[in-house]
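A.B. asks: Before we start, here is the structure in question, set down as structure tokens.
The values are calculated or read from the model by the stated rules, or taken from the named source; none is laboratory data. This one's a predicted model, so the numbers in the text were calculated from it and none came from an experiment. Please note: Cβ atoms are built from the backbone with ideal geometry, for glycine as well, and neighbour counts cover all protein chains shown. When the accessible area is computed, the model is the full protein with side chains, heavy atoms only, and any ligands, DNA or RNA have been set aside. Shrake-Rupley method; radii C 1.70, N 1.55, O 1.52, S 1.80 Å.
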Amino acid sequence: MIISRPQSGKVRTRRNIVMSFLVGLFLVAPWVVLPDGSPLIRLDIPKRMFHLFGGLFIPQEGLILWFFLLTMGLSLFFFTSVIGRVWCGWGCPQTIYTDLFDRIGRFVLDSKYGKKDASIIGKYTVYLLWIVISFIASFHWIAYFVSPYEMLADYLNLSAFSATYFYFTLFFTAAMFIDIGFIREQFCRYACPYARFQTLLMDEHSWNVTYDFKRGEPRRDGKTKIGDCIACNMCVVVCPTGIDIRDGLQVGCVACGKCVDACTSIMAKENKKTLIGYFSLKQIETGDKIKWIRPRTVIYAILLTVVLSGATIQLLTRIPMSMIAASNKSMPPILIPDNKIRAFVALRIQNIAPVEKEFQLSAFDTRHGKEILIRSGEENNQFKLGSGEIKSFSVVLETQSLTEQELNEGYLPGSIVLKNTQDPDETLEKKLSLSLPRK
């Protein structure tokens, strides 16, 4: 376990602002309830619904999920190729909570934090506070799946111990305490998959935490000054993963910028510019400006733009209703008098809008352009569904009189149409093929 030395500076101050915002957003978001009563963000697994900024999504909308995952992946590729491991140093929970745990440890133990001779009481006080922070973070993580208001009420009433979420909270509390408290940023160095392929995404033009070896090398040897680096090793002392940034880009570097602040403070005493900063390798080698536009970044940007455009179109044209229609296999279509066909269809309809809506069913013979009579048990085939409500029922379809030629066609292509009565533009059509019994 590595306990790095604290380091103040411009990068540290900016990271504090970003991290405070992200932690605040993480803690506040699950508590926000919109005016219509729906949560701002919640993945309701038992009901198979996902609330996101007033929208309601269901697992059947796989294309939207595909667009979301593809956007996240391409964003990672694009931003890494441009500005390096900015996510690791500025947004990753592993980095943010390790910093928070360190602050708690130094607040309690001061200079003894991380030392073997620290008091036992002080150590266990730190552990207790770490457990409390881990529980709070885990509670809010679970709150993205279960209402935090319901969980808090259950905890206050001492009735949460029989709920499933209670055991998930305990598991994540223990996992976070062990991971952030003891494994810490060694996870980034040895286990994080992103660290393994980051070198494939970056090149000599990527803007990242880099050591200016042309100015710094060779390093000072005793009192002999050769390069600007005075071999103080402060960049190693403050590094949370224990690497030496002067050895070049490494898997263990999370681009937190602590070495930048350390070198800046040391070089200021020498009246020189920092040797470690946010540069590109090419910028150090040639002194040229960073080349932001290059084949790698252009390709990633084009792909990301295409995916974002597709996602935008999908969301704008999305119809907030779902219908599954299937012929009843145990009751095949039958021939009734006047050469009519009667078929039995099972429907599953869900309102995936954030408000209650009224729907109407209709059916059509798409081959011959004729209307099919539909009996659903509802007056005028109209019914209301609340937000997220599901209605599963069977309907009876009855065609108009068919000619002998039409009966011999073997099957009848039809469709069932679900329409929002308040907004006729919201219409969902499901194709259905009805087999035709012969006389």
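A.B. asks: Restricting attention to the range 328-354, and to residues there that are among the polar types (S, T, N, Q) and in contact with a Ser or Thr (Cβ under 8 Å, 6 or more places away or on another chain), which single residue is surrounded by the most Cβ atoms within 10 Å (Cβ to Cβ)? Spell out how you get there, then give the answer.
C.D. replies: Initially, the range 328-354 is screened for residues among the polar types (S, T, N, Q), giving 328, 330, 339, 350-351.
Now restrict to residues that are in contact with a Ser or Thr (Cβ under 8 Å, 6 or more places away or on another chain): 328, 339, 350-351.
Values: Asn328: 14, Asn339: 15, Gln350: 21, Asn351: 23.
So, considering only residues that are among the polar types (S, T, N, Q) and in contact with a Ser or Thr (Cβ under 8 Å, 6 or more places away or on another chain), the one surrounded by the most Cβ atoms within 10 Å (Cβ to Cβ) is Asn351.
A.B. asks: Ok, one more. Got a sec? Which of Leu27, Leu22, Leu43 is touching a Gly at 6+ places or on another chain (Cβ under 7 Å) and closer than 26 Å to Tyr97 by Cβ?
C.D. replies: Leu22
A.B. asks: If I go through the range 396-431 residue by residue, how many of them are free of Cβ contacts under 8 Å to residues at least 60 places away in the same chain, of a type outside the set (D, E, K, R) and not in a strand (DSSP E or B)?
C.D. replies: Matching residues across the range 396-431 total 4.
A.B. asks: I would also like to ask the following. Quickly run through the range 143-172 and pick out the residues that are open to solvent by less than 50 Å² (accessible area, probe 1.4 Å) and under 24 Å from the mean Cα position of the chain (by Cα).
C.D. replies: Residues satisfying the conditions are Ala143, Tyr144, Val146, Ser147, Pro148, Met151, Tyr165, Phe166, Thr169.
A.B. asks: Do we find a residue being open to solvent by 50 Å² or more (accessible area, probe 1.4 Å), without any contact (Cβ under 8 Å) to a residue 12 or more places away in the chain, basic (Lys, Arg) and assigned by the TED database to the domain that holds Leu27 anywhere in the range 114-132?
C.D. replies: Checking the range 114-132: at least one residue is open to solvent by 50 Å² or more (accessible area, probe 1.4 Å), without any contact (Cβ under 8 Å) to a residue 12 or more places away in the chain, basic (Lys, Arg) and assigned by the TED database to the domain that holds Leu27.
A.B. asks: If a residue must be assigned to a helix (DSSP H, G or I) and either on the phi > 0 side of the Ramachandran plot or touching a residue at least 12 places away in the same chain (Cβ under 8 Å) (or both), how many such residues does the range 284-320 contain?
C.D. replies: Selection size over the range 284-320: 14.
A.B. asks: May I pose another question? Would you mind stating whether Ser138 is of a type outside the set (A, V, I, L, M, F, W, C) and farther than 22 Å from Cys92 by Cβ?
C.D. replies: For Ser138, the condition - of a type outside the set (A, V, I, L, M, F, W, C) and farther than 22 Å from Cys92 by Cβ - is not met.
A.B. asks: Still on this structure, please answer the following. Assess whether Phe107 counts as being modelled with pLDDT under 95, part of a helix (DSSP H, G or I), farther than 22 Å from Arg12 by Cβ and open to solvent by 70 Å² or more (accessible area, probe 1.4 Å).
C.D. replies: no
A.B. asks: Then there is this: Take the range 194-215 and flag every residue that is modelled with pLDDT under 85 and not charged (D, E, K, R). Spell out the reasoning first.
C.D. replies: Applying the first criterion (modelled with pLDDT under 85) to the range 194-215 yields 194-200.
Within the range 194-215, Tyr194, Ala195, Phe197, Gln198, Thr199, Leu200 meet the criteria.
A.B. asks: Sticking with this one: Go through the range 158-190 and report how many residues are farther than 24 Å from Cys92 by Cβ and touching a Phe, Trp or Tyr at 6+ places or on another chain (Cβ under 8 Å).
C.D. replies: Of the residues in the range 158-190, 2 are farther than 24 Å from Cys92 by Cβ and touching a Phe, Trp or Tyr at 6+ places or on another chain (Cβ under 8 Å).
A.B. asks: Check whether at least one residue in the range 373-384 is surrounded by 14 or more Cβ atoms within 10 Å (Cβ to Cβ) and among the acidic types (Asp, Glu), and report yes or no.
C.D. replies: Yes; the residues of the range 373-384 include at least one that is surrounded by 14 or more Cβ atoms within 10 Å (Cβ to Cβ) and among the acidic types (Asp, Glu).
A.B. asks: Does Leu434 satisfy the criteria of being part of a strand (DSSP E or B), closer than 21 Å to Phe344 by Cβ, open to solvent by less than 60 Å² (accessible area, probe 1.4 Å) and at pLDDT 85 or above?
C.D. replies: Criteria not met by Leu434.
A.B. asks: Given (1) over 30 Å from Ile58 (Cα atoms); (2) surrounded by 13 or more Cβ atoms within 10 Å (Cβ to Cβ); (3) basic (Lys, Arg), where does Lys419 come up short, assuming only one miss?
C.D. replies: (1)
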